[in-house]
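Enquirer: Here it is: the structure, laid out below.
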Amino acid sequence: MLVLGIESSCDECSAAVVEDGRKILSNNIATQIEIHKEYDGVVPEIASRTHTEWVKGVVESALTEAGTDLAKIDGISVTNRPGLIGSLMVGLSYAKGLSLASGIPFIGIDHILAHLYSARLEHDIEYPFIGLIVSGGHTIISVVRDFDHIEVMGTTIDDACGEAYDKVAKHYGFGYPGGLIIDQMAQKGDDRAFSFPDPSLHKGEHRYDVSYSGLKTAVINQIDQFHNEGYEKSEHNIAASFQKAAITMLMKRLFKASSDTGISRVVAGGGVAANSYLRSMLRDKNNLEVYFPSMELCTDNAAMVAGLGYHYLKRGDRSGFDLSAGSRVEGFRKKYP
């Protein structure tokens, strides 16, 4: 089965053709990084307008690169939640138009589930596993039972991890995108220069949750309070110390989730899954079986959308033309209080 995937949840405009949920025939990603760089972050209105200009060409290029055309496509898979409403509407509307004109069935896909599927495009991974989604918009620790079934254990109660990276980078003028730049800067810094706090979430229901607003405030507004004598207050040291605190906080919760559930298989996804410090901490944990997507599949991409869509379409699931876009995560309950 050939599935055409379309992804436009934020600022990447992507289209891909995937065969039988695994074989990537094409995966075109048109990034808007240069457009949003002057604003140090994604401007939703600009993002949606750019998707409108790009989506047709990106889809056509994906079909051409895959050596196929729309007549040979068996299903269309498109992200419809969560994300920026304007951006989502562009991809969703285009997918609906293709489906209506061609008679090809389409299915709406949850962006979170797609990220959890991305590593399965390249690896044979058995269920269940601990799923870790870390991106600019989401930080989620979950038990993944099947391609469409996750049980949330912990989330951020405020800022997402990648959001904290971007805000710290913006404050200090490091550049955009903040996650990539801080990761690069951190490799030239000393993470012992500052001892930034790990927030204490005292209540039992928060034992797998994380909070990045306090860390962000400490790095931006209370830098002197957490400085360790004998170390330079350099930008590289700030980046290294912040990154250590941000990732270590998350890893503590993840390791606890694995220990408490007895599930030693971990699958990471999302833009921050490309972070070198996160990858090294997970790989150094010898009692875990860890899977990462390749770097290209960590970012928002249509291959993961098409790959996941295959399983829905194969099962006979279809979306109606009344399907709407949603900005928030929906349908995942927090089973582990």
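What follows draws every value from the coordinates through simple rules; no lab data is involved. Computed from a prediction, not measured in an experiment: that's the story for all the values here. Glycine gets a Cβ as well: all are built from the backbone with ideal geometry, and neighbour counts include every protein chain shown.
Enquirer: Can you tell me which lysines have their Cα less than 21 Å from the Cα of K72? Leave out same-chain residues fewer than eight positions away.
Expert: Hits, sequence-local ones excluded: K23, K56, K96, K314.
Enquirer: Measuring from label point to label point, each 7 Å out along Cα→Cβ, what is the E60 to T31 span in nm?
Expert: Each label point lies 7 Å from its Cα, and together they span 2.5 nm.
Enquirer: What shape does segment 213-337 have by the C-alpha gyration tensor, where a ≥ b ≥ c are the square roots of the eigenvalues, rounded means a/c under 1.5, and otherwise prolate means a/b greater than b/c and oblate the rest? Spell out each step's value before the answer.
Expert: Values: a/c = 2.22, a/b = 1.84, b/c = 1.21.
Since a/c reaches 1.5 and a/b is larger than b/c, the shape of segment 213-337 is classed as prolate.
Enquirer: For segment 125-292, what is the convex hull (Cα atoms) projected area averaged across all directions, in square nanometres? Don't jump to the answer; show the numbers that get you there.
Expert: Working: hull surface 38.5 nm².
Mean orientational projected area (segment 125-292, Cα hull): 9.6 nm².
Enquirer: Another one. Short version: ³J(HN,Hα) in whole Hz for each residue of segment 123-130, in order, from phi by Karplus 6.51 cos²θ - 1.76 cosθ + 1.60 (θ = phi - 60°), x for Gly and Pro, what are they?
Expert: 9, 7, 10, 7, 8, x, 8, 7
Enquirer: Still on this model: Could you check the spin-label model distance between S102 and D198? Points 7 Å from the Cα along Cα→Cβ, value in nm.
Expert: So the label points at S102 and D198 sit 4.9 nm apart.
Enquirer: Quick one: what are the phi-derived ³J(HN,Hα) couplings along segment 285-299, Karplus 6.51/-1.76/1.60 with θ = phi - 60°, whole Hz, x for glycine and proline?
Expert: 8, 5, 8, 10, 9, 10, 10, 10, x, 5, 4, 5, 8, 6, 6
Enquirer: Tell me the Kirkwood radius of the chain: reciprocal of the mean inverse pair distance over distinct alpha-carbon atoms, in Å. List each step's numbers first, then the result.
Expert: On the way: mean 1/r = 0.0491 Å⁻¹.
One over the average 1/r among Cα pairs gives 20.4 Å for the chain.
Enquirer: Related question: Starting from 0.36 nm per residue, how many nanometres of slack lie between D20 and H123 once their C-alpha separation is accounted for? Kindly include the intermediate steps, with their values, before the conclusion.
Expert: Working: separation 103, 0.36 × 103 = 37.08 nm, distance 1.42 nm.
Contour length minus the Cα-Cα distance gives 35.7 nm.
Enquirer: Report the Cα centroid-to-centroid distance between segment 152-191 and segment 281-298 in angstrom, as an integer.
Expert: Cα centroid of segment 152-191 versus Cα centroid of segment 281-298: 19 Å apart.
Enquirer: May I ask you to evaluate 6.51 cos²θ - 1.76 cosθ + 1.60, the Karplus curve with θ = phi - 60°, for each residue of segment 46-63 and list the ³J(HN,Hα) values in order in whole Hz, giving x for glycine and proline?
Expert: 3J(HN,Hα) across segment 46-63, in whole Hz: 5, 4, 5, 5, 5, 4, 4, 6, 9, 4, 4, x, 5, 5, 4, 5, 5, 5.
Enquirer: Right, another one. Would you mind checking which residues have amide H under 5 Å from S9's amide H? H placed 1.01 Å from N; only 5 or more apart, or other chain.
Expert: none
Enquirer: As an exercise, identify the chymotrypsin sites (Phe, Trp or Tyr not before Pro) in segment 232-337 lying in DSSP coil whose Cβ has no more than 10 other Cβ atoms within 10 Å.
Expert: On the way: sites: F242, F255, Y277, Y291, Y310, Y312, F321, F332; in loops: F321, F332.
Taking segment 232-337 and a limit of 10 other Cβ atoms within 10 Å, the loop chymotrypsin sites (Phe, Trp or Tyr not before Pro) found are F321.
Enquirer: Counting only other residues whose beta carbon sits under 15 Å from that of D190, what net charge do I get with K and R as +1, D and E as -1? Intermediate values should be presented prior to the final figure.
Expert: Numbers: positive: K188, R192, K233, K244; negative: D191, E229, E232, E235.
Here the charged neighbours net out to 0.
Enquirer: Enumerate the whole-percent occupancy of each 5 Å bin, from 0 to the last occupied one, for all C-alpha pair distances of segment 170-212.
Expert: 5, 16, 17, 19, 17, 13, 10, 3
Enquirer: Would you list which lysines come within 17 Å of K285, measuring only between C-alpha atoms, while excluding same-chain residues fewer than 8 positions from it?
Expert: The qualifying lysines are K244, K252, K256.
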